[in-house]
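Peer 1: One structure, pasted below without further comment.
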Amino acid sequence: MIEEQEAALAAAFRMTIDGLGPWWGQPIALPGLRLGCRAIRPGDEAHLLPGERERAGAAPSTPGSPAEPLPAAAPLSPHRRAALRASGAARRLAREMMVASGHPAAPIPRAASGAPLFPSGLIGSLAHDEEMAVAALAPAGPGLSLGIDVEPFAPLTNEIAALVRQPGDIMPRELDPAHAARLLFSAKEAIYKASFPLTGEVLGYEHIACDLTQGTALIASGQRLRLAFRLSPRIVVLAVAGMAEGPAARGWRRIFQRGG
């Protein structure tokens, strides 16, 4: 089942998103943009390179040593092992995308914030859920940043939905509220990933206003982002900061002004 979803997402990612096509939201014509997906498989933790393992929670490696599977006796909880496996899958995918775009494969360590650090000349973003890893990659440019997120197409609980949805959010009517909330959650995750490298701001749900009918977003500082997303076979949201604003973002600053 997950292999079928991997194939379906890969086919969609091969299509350009400079028009809506299988995507909803803003047309995003970003030269050199690549999207990829990989089903998370047993043993994917072995794809973590030296310099990536430490940040992901594995034991330190000797610089320059080859990547090795974690010892069977390593004192890792199932949750930690799953996190390592997902991180390895995402990073292997991103390195394959680097090579496909004409760049050498390079380690992707984590910053102190946890954000992936891509090599000079590239911007990118990684994400995973329990079964699927996704990545976005593009040439670096002034003020440009990417954020990607993936979620199963499943309803969000009412409790979490109440935290995520804010008065400035505009939702697509085609979706029932629970699935729309899951999409909004994913969008705000992607937005945060795209915004943080540029602003250093830690954002809460209340600091982000999304118009999912137009594929635009605004954060409290005034930064505007474009969104493109798909719903099947999994929710995938791409956020791009540094492109021209969409029409629905204009005038949203009042949402965050005191007394507005």
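Peer 1: Is there any pair linking a residue in region 25-48 that is without any contact (Cβ under 8 Å) to a residue 24 or more places away in the chain and surrounded by fewer than 19 Cβ atoms within 10 Å (Cβ to Cβ) to one that is in a strand (DSSP E or B) and not acidic (D, E), with Cβ under 7 Å and at least six apart or on different chains, and which?
Peer 2: Cβ pairs passing all conditions: none.
Peer 1: Tell me, which residue of region 161-201 that is outside any helix (DSSP H, G or I) and of a type in the set (K, R) is nearest to A136 (Cα to Cα)?
Peer 2: R165
Peer 1: One residue is enough: does region 143-151 have a residue meeting the conditions among the hydrophobic types (A, V, I, L, M, F, W, C), farther than 30 Å from M1 by Cα, in contact (Cβ under 8 Å) with a residue 40 or more places away in the chain and surrounded by 15 or more Cβ atoms within 10 Å (Cβ to Cβ)?
Peer 2: yes
Peer 1: Across region 208-242, which residue is surrounded by the fewest Cβ atoms within 10 Å (Cβ to Cβ) among those that are outside any strand (DSSP E or B), touching a residue at least 60 places away in the same chain (Cβ under 8 Å) and aliphatic (A, V, I, L, M)?
Peer 2: If we take residues in region 208-242 being outside any strand (DSSP E or B), touching a residue at least 60 places away in the same chain (Cβ under 8 Å) and aliphatic (A, V, I, L, M), then L231 is surrounded by the fewest Cβ atoms within 10 Å (Cβ to Cβ).
Peer 1: Which of the residues belonging to region 181-200 are more than 15 Å from G242 (Cβ to Cβ) and modelled with pLDDT under 95?
Peer 2: Correct list: G200 only.
Peer 1: Only residues that are among the hydroxyl-bearing types (S, T, Y) and within 21 Å of A162 (Cβ to Cβ): list them for region 182-204, please.
Peer 2: S186, Y192
Peer 1: Filter region 161-207 down to the residues that are without any contact (Cβ under 8 Å) to a residue 60 or more places away in the chain and β-branched (V, I, T) and list them by number.
Peer 2: Once the filter is applied, which keeps residues that are without any contact (Cβ under 8 Å) to a residue 60 or more places away in the chain and β-branched (V, I, T), region 161-207 yields V164, I191, T199, V202.
The values are calculated or read from the model by the stated rules, or taken from the named source; none is laboratory data. What you see is a predicted model, and the numbers here were worked out from it, not measured in a lab. Don't worry about glycine lacking a Cβ; one is built from the backbone with ideal geometry, like all the others, and counts go over all protein chains shown.
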